[in-house]
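All remarks here apply to the structure that follows.
Any read-out appearing in this document is the output of simple, stated calculations on the displayed coordinates, not a laboratory observation. Every value quoted in this text rests on a predicted model; they were computed, and no experiment measured them. Here the Cβ positions follow ideal geometry from the backbone for every residue, glycine too, while neighbour counts run over all protein chains shown.
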Amino acid sequence: MQFMRKYGAKMFFAIACLLFVASLAFSAFSLARYVTDSEHNNGAGAAAIGCEFRVDNGGLGAFINAPYMQQVAGNTRPVRMNSWSESMLIVTNNGRAGLVYEYSFVFYMPQGFAECAMFQLLELEENGATQESAPSRLHAAKKASKLYHIESAPEGSAPAVRNIVEAQETADGVAVENEYQSLINEGNEIVLSASTAVLSEEEQRGVAKRTFATYYPAAGTDTVDRFVCPVGMEQSIGFRYYRMTINISRTANEYRLKEGESQSFLLRLVLLNRLDSALVDVAWNSADYWQTDESGNFTVPKAQPQAAGDYLCRWATDDSGKPVLDGSGKPQLEAAEKNADGTVSAYRTIKVGTCVGITSPCRMSAVFTQVTA
């Protein structure tokens, strides 16, 4: 515990930034809504598309706000700063009409994140197992793509449509290693075909979770504020999204789903370059998270604080349920530590520091197209 109290703030600052959230909204749709079904009531009828798209986002999602590879002083090798966020993508043909489908993936990512991230697709073996004996290749993949990112905008312009190009180095000129390059060298490459990123014209509302550092104010024998825990607050804000259409190059029978077939991929995502400071350097303002009446009095909180670690956090209220205000007339937060015996220590008022990360909503979908078997 003493170690965490001494180094907790530094440790958290080193692991918190923008998350890739792939669990908020997933959908599967088809370019052809209905297909002919000759077995329907002994005649011709309509059969809905029988394809399924599932996503399992169980991987690491927090990134340091730094390039994936960070150059250090001298002639030492660059240091890897981030681990990949990984999401399983599974496409299945559940149809019963003997139809065959091709498919493409569509990713929707907020602009500020998409322009700083790179991604990779792996086609997994049937069981998708992890290879513990091969640390440089963590997953049992059959094929792997190169590393890709959205091309940088020409100086002085910001086109709404950009190509998706190979990522070879960070903005600082540090080369990025492809852990699955051996698969590509063996001829087992997933090649992207005419894949583009289109920036939406209008903002769309989405729930962002900003994470702030919190501290107990110096008191008694303490001479400095003591770090408590990271606290997340959700807020609806506007995003411009990139729609990234990922088309996979195919041979005659590759990446086609016959009836009853399923194929699994792993989407790997990580920061290539630092996020714009304007995205994460947001000052704490508790008034943003409360509703007010006509007189400006705080009435109902719009969001509840979400504490990390062995802490609980809540809005401070008096006996009547009204928020306790600080010296500037804004609501305050308070936190309590969970004890090993299951009890909770007394709640204490906390100070909220800088924003150390933001979680923004991303979406995935799949497009299925009927083809001739």
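Per-peptide packing, taken as the mean over residues of other Cβ atoms within 10 Å, places 341-349, 253-261 in the sequence 253-261, 341-349 from highest down. If you wrap the tightest convex hull around every Cα atom of segment 220-343 and split its volume per residue, you get 306 Å³. For the peptides 159-171, 319-331, the ranking by packing is 159-171, 319-331, with the highest mean count of neighbouring Cβ atoms within 10 Å listed first.
With a simple spin-label model that places each label point 7 Å from the Cα along the Cα-to-Cβ direction, the separation between R226 and R54 comes to 4.7 nm. Modelled spin labels at K302 and N253, positioned 7 Å past Cα toward Cβ, are 5.7 nm from each other. Structure note, pairs K143/K258; K209/K351; K209/K322: Cα-Cα distances above 22 angstrom occur for K209/K322. Legend: calculated FRET efficiency, D319 to V79, from the Cβ-Cβ distance at R0 = 51 Å, rounded to 0.05, equals 0.45. Applying the Karplus relation 6.51 cos²θ - 1.76 cosθ + 1.60 with θ = phi - 60° to segment 235-250 yields 3J(HN,Hα) values of 8, 7, 9, x, 10, 9, 10, 8, 9, 9, 8, 10, 9, 9, 5, 10 Hz, where x marks Gly and Pro. A dipole drawn for segment 224-303 from +1 and -1 charges on Cβ atoms has a positive end, and of N247, V228, Y289 the residue lying farthest that way is N247.
Ellipsoid fit via the Cα gyration tensor, segment 167-277: semi-axes of 43, 21, 17 Å, each the root of five times an eigenvalue, largest first.
Taking 12 Å as the straight-line reach from the Cα of K302, the aspartates and glutamates in range (excluding those fewer than 8 positions away in the same chain) are E234, D288. Relative to the globular-protein estimate of 2.2 N^0.38 Å, the Cα radius of gyration of segment 275-326 stands at 1.41.
Taking a point 7 Å from the Cα of V106 along the Cα-to-Cβ direction, the residues of segment 188-229 with backbone N closer than 19 Å to it are 193-206. In segment 215-275, one over the average inverse separation of all distinct C-alpha pairs is 18.8 Å, which is the Kirkwood hydrodynamic radius.
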